[in-house]
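Shown next, in C-alpha cells, is the structure this report addresses.
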Amino acid sequence: MTAEELSKSSLGPESGGSGYGSPEASSAYGSADSAGLKSDWSTRIDALRQQETDLKRSIADLQATYNRLTQDQFQKIQADVGRMVQQGTADLEQRKRTLQKEIETLERRQERIQAEMRTTFAGASQDLAVRVQGFKDYLVGSLQDLSVAAEQLDLSPAARPTAAPEMDNRGDFGTERSVNRSSPRRAAEPASGQPAFASNAFQDQTERIRSLLDQYRMRPDYYGPLWQLRRTFEPIHAERVSNWFFAQGGRGAVKSMGSRLQNVLVASSALSILYALYGNRLRTLVLSNSPERLGEWRRGLQDCLGISRADFGTGQGVMLFDAPEPLAQRADRITADNGLPFIVVDEAESVISLALLQFPLWLAFAPDPMNPVAEYDY
C-alpha cells in the first residue's frame, strides 16, 4: 500500500472515503467498545465480589479469634477471681480461729481473776477488817482503863476536913469504885440505832438489804425516786456490796473495780441501801485528794442516784472533802446531832486516817495488789 492510500484510509468522515469514517465502521467500532467496557466492568465487579468474599472471610476469622480470646480471657479472670475468693476465705477463717483462741484466753483469764477476787482479796480484806476491829477494841479498852484511872484521881481543891467516907476492907471507896467500874461498861455498850449488819439482831435489815440488792440487779429502775440506784447493777457489784455489809459489818475496804465510775456505782448502791434503811439521818462524806476526783465523784453520784447539786453541801446529803481531818470533825458533829455518817474513801488515798476508823460506817476502795497503778482510766 502506498502513502496515498494510507492517507486516504486515515481521513475522517468528511473525507468521503470508506473505512472507519463510514457509518458502518462507526457502528462496528461502538459495538466493540461497548463489549470491551462490559468485559472490563464485569472483571472489576468479579474482583470486587472476590474482595468482598475475602473480607467477609477475614471478618469471620477475626470474630472467631475475638470470641476465642474473649472466652479464654473470661475463663482466666473467672479463675483468678475464684482463687482470690478462696484465699480471702482462708484468711478470714484463719483470723476467726485466732480471734476465737484470743477470746477463750481472755475468758479463762477473766474467770481466774474473778476466782482470785472471790477468794484471795476477800480473805485479805476480811483479815484486814478483823485486825482493824481488834485494834479498835484495844484502843477502846485502853481508853476505858485511862478513864477509870482518871476518875480515881482526886483533882478537887482542898476543903475543910470532913468525915471520911467509909472504906471497905480492901481500903477502897466501895461506892465510887463500883460506879466508876460500871461507867466504862455502859460506854462500851452499842448505842441505840447504830448499824450492826453482821449481827443476828438485824435479821430484818439483812433481808431488806438482800431484797434491795436483788432489785438493783434484776429489776433496775432507771427513773426511780431520788437516792435509789438508777444504773445497771452486775453480779460482781452485788457481791462486793453484799460482802461489805454482811462479812465486814459495813466497815472495811473492798477491792477497786479498776475504774472510778465503777467504784462510784458500788458506793452508790451501798448509799442507796443505807438511805432506804436510815432515811434523812444518813450523811455521806466522800474523801479524795484532789478537786478533780471529787468532781468526778459528784457527777457519778448525781448520775447513779438522780440527785442534783443542791444535795451536795456542808450539812446535808453528800459532802466532799480533800483531807481526812475536816471530814472527821464533820462526822463528829453529825454524830452529836444524832446523824449517821457514811464515809467513802477514794482509791487515790494511799492510807486511811485512824480518825476515820472510829465511825460505824466507812467504805474504802483498795488498789488491786496484782496491778498497782498510780492512777487509773475511767
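The values are calculated or read from the model by the stated rules, or taken from the named source; none is laboratory data. None of these values were measured; they are calculated from a predicted model. When we count neighbours, we look across all protein chains shown, and the Cβ atoms used for this are built from the backbone with ideal geometry, even at glycine.
Can you run down the residue pairs with Cβ atoms below 6 Å, 6 or more apart or on separate chains, where the first is in segment 292-305 and within 23 Å of Ala323 (Cβ to Cβ) and the partner is of a type in the set (Asp, Glu)? Pairs found: Arg293/Asp346. Whether any residue in segment 269-279 is free of Cβ contacts under 8 Å to residues at least 40 places away in the same chain, part of a helix (DSSP H, G or I), under 21 Å from the mean Cα position of the chain (by Cα) and within 21 Å of Tyr223 (Cβ to Cβ) is what I want to check. No, that holds for no residue. Scanning segment 247-260 for residues that are in contact with a Lys or Arg (Cβ under 9 Å, 6 or more places away or on another chain) and in a helix (DSSP H, G or I) yields a count of 1. Among the numbered conditions (1) out of contact with any Cys (no Cβ under 7 Å at 6 or more places or on another chain); (2) farther than 25 Å from Leu357 by Cβ, the only one that Asn289 does not meet is (2). Taking the criterion of being in a loop (DSSP other than H, G, I, E, B) and either farther than 22 Å from Asn263 by Cα or among the hydroxyl-bearing types (Ser, Thr, Tyr) (or both), the residues of segment 317-358 that qualify are Asp337, Asn338, Gly339, Ser350, Ser353, Gln358.
Cβ-Cβ distances below 8 Å connect no pair with a first residue in segment 358-378 that is on the phi > 0 side of the Ramachandran plot, a second residue that is outside any loop (DSSP other than H, G, I, E, B) and at pLDDT 50 or above, and a separation of six or more residues or different chains.
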